[in-house]
1. Can you find, within the stretch 110-141, the residue that is most open to solvent (accessible area, probe 1.4 Å) among those that are of a type in the set (S, T, Y) and farther than 19 Å from W154 by Cβ?
2. Just to be sure I understand, how many residues within the stretch 334-367 are of a type in the set (F, W, Y) and either in a loop (DSSP other than H, G, I, E, B) or surrounded by fewer than 19 Cβ atoms within 10 Å (Cβ to Cβ) (or both)?
3. Give the number of residues within the stretch 431-465 that are modelled with pLDDT under 85, part of a loop (DSSP other than H, G, I, E, B) and buried (at least 22 other Cβ atoms within 10 Å of the Cβ).
4. Quick check on my filter: what residues within the stretch 126-139 are hydrophobic (A, V, I, L, M, F, W, C) and in contact (Cβ under 8 Å) with a residue 60 or more places away in the chain?
5. Looking at the stretch 207-298, what helices (runs of 4 or more DSSP H) fall wholly within it and have at least 2 residues that are open to solvent by less than 60 Å² (accessible area, probe 1.4 Å), farther than 30 Å from M477 by Cβ and modelled with pLDDT of 70 or more?
6. Of these, D480, D404, which one is part of a helix (DSSP H, G or I), over 24 Å from V305 (Cβ atoms) and open to solvent by less than 60 Å² (accessible area, probe 1.4 Å)?
7. If L61 satisfies every condition in (1) closer than 28 Å to N203 by Cβ; (2) open to solvent by 50 Å² or more (accessible area, probe 1.4 Å); (3) modelled with pLDDT under 85 but one, which is the exception?
8. Go through the stretch 142-189 and count every residue that is assigned to a loop (DSSP other than H, G, I, E, B), open to solvent by less than 20 Å² (accessible area, probe 1.4 Å) and modelled with pLDDT of 85 or more.
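The values are calculated or read from the model by the stated rules, or taken from the named source; none is laboratory data. Because the structure is a prediction, the values reported are computed rather than measured. All Cβ positions, even for glycine, are placed from backbone atoms using ideal geometry, and neighbour counts span all protein chains on display. What goes into the accessible areas is simple: the full protein's heavy atoms, side chains included, and nothing from ligands, DNA or RNA. Shrake-Rupley method; radii C 1.70, N 1.55, O 1.52, S 1.80 Å.
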Amino acid sequence: METRHLPIPIINPRRPVSAPGADEQRGSLLSGRLATPFSGDSEATARVSFREGRYRRFLALTDSLCATLACVTAIVLMGDDRLQPATLALLPLVVFTSKVLGLYDRDELLIRKTTADEVPALFQLATVYALVIWLAGTTFVDGDLSRRQVFGLWGILFVAMVLGRWAIRAVLARTTPAERCLVVGSPDLYQRFSDKVADNPMNVEVVGRVALERWAGRKAGAWREVHALRQTLSDLQVDRVVIVPDDEPEVTLDLIRAVKSLGVRVSVLPHVLEVVGSAVAYDDVFGLPVLGLRRFGLTRSSQIVKRILDIFCSGLSLVVMAIPLAIIAVIIKRDSPGPVFFVQERTGRDGLTFRMIKFRSMVVDAEGRKAELDAQNETDGLFKITNDPRVTPFGHHLRRLSLDELPQLINVLRGDMSMVGPRPLVLDEDHRIEGLDRRRLILTPGITGPWQILSSGRVPMGEMVKIDYLYAATWSMWGDIKILLRTVVYVLRRGGV
């Protein structure tokens, strides 16, 4: 897109579509304010406040409706009890508790607004709500609540709030104008951020980039630079500025202060989190902020918990999927000559090799033809071709829905693999990883992982290694569960289901 001449040079600016006369009206709003450069831009503040207020109001309404649904279903329909009028006082309690837990203030801090990260807090909220009603006795319920009703109230409220918040966010994302983000930083990180936004469903639009070295808003030049910054943000109708920190902390700090003074939200993309991840403890040493980093890898107790999850998920999946697995095996046998399963040596935990099992989705001599197709490889470090000629007719369907991966449940049950973990590489790909990057092998490789829900095999080798390292550095049980749930969503979306 053509670069426009703005007070602060913008790379690839994307201007919003404005109604006739909107630019003149916006100019009149800003005129007369330049004498006070650090006062907020009323138009930007109003625009951002409208979006955030809309999210808060609808989330609060959803929580109240879910609480009402849970009470009516568990107390009235599941028993012979009646609700007292005082029960209406519980609706403000739900909203107040959600506010205390920060469930209404998260979205303004986040570019990617998800419900999955709120599940632990929603679990606490449902527990407190059910406990209050049970302990209050006849204050809220005309009758004696049974254990079945109490657990029903807790479960219904928890599930309803998770699904309700997910649904209302999906509706809001489709009915609210996209959040317009301006990136301040290097071209490489700008491109990575833009690609992430473009490749994933988010109500976000990247409107351009400003080189951080252009910001000289310090000391005597501060007012002049804030004038220019205000005009740039207003011209592009920016809602959020994403800043990649500079080597000079004072420059970054001045820029953050200036942007916040204009009523625009700020997000920071710190380089350090590419190494340590988000699982850090914020320590305050008498006014000096310090980040405490978690140990790398899993404790013995965490390994046991993760293994229990693997056995439960793989065993249950094999039982439930027994008939579909048998049907797939019969179709493979009739679709093309060769065995049903494809067995390949892969690198596992601590560098030990294991034989990974998959449904065969390619012709029998696929490995022998790999060299002649090397020029068509689309991924740096890994071998991936979109329309691979070696794939069988039925194999296309298997790979599109990732059904060829199902026999790996046997590897999980045997302990060779985990449900979630680093990507299991073939031996020649693994040999390209050297030095400290090989620490990714401290964990058992997984059927799925962060690399699977981030464009799967199209993630370059260098980025995949970073992703695996961060997974090992920030592991949590809830993190594994979220990846499993997001994998299902990713597979269904990719398969067009």
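1. T138
2. Within the stretch 334-367, residues that are of a type in the set (F, W, Y) and either in a loop (DSSP other than H, G, I, E, B) or surrounded by fewer than 19 Cβ atoms within 10 Å (Cβ to Cβ) (or both) number 1.
3. Residues meeting the conditions: 1.
4. Once the filter is applied, which keeps residues that are hydrophobic (A, V, I, L, M, F, W, C) and in contact (Cβ under 8 Å) with a residue 60 or more places away in the chain, the stretch 126-139 yields only I133.
5. Result: 222-236, 249-261.
6. D404
7. The failed condition is (3).
8. The qualifying residues number 1.
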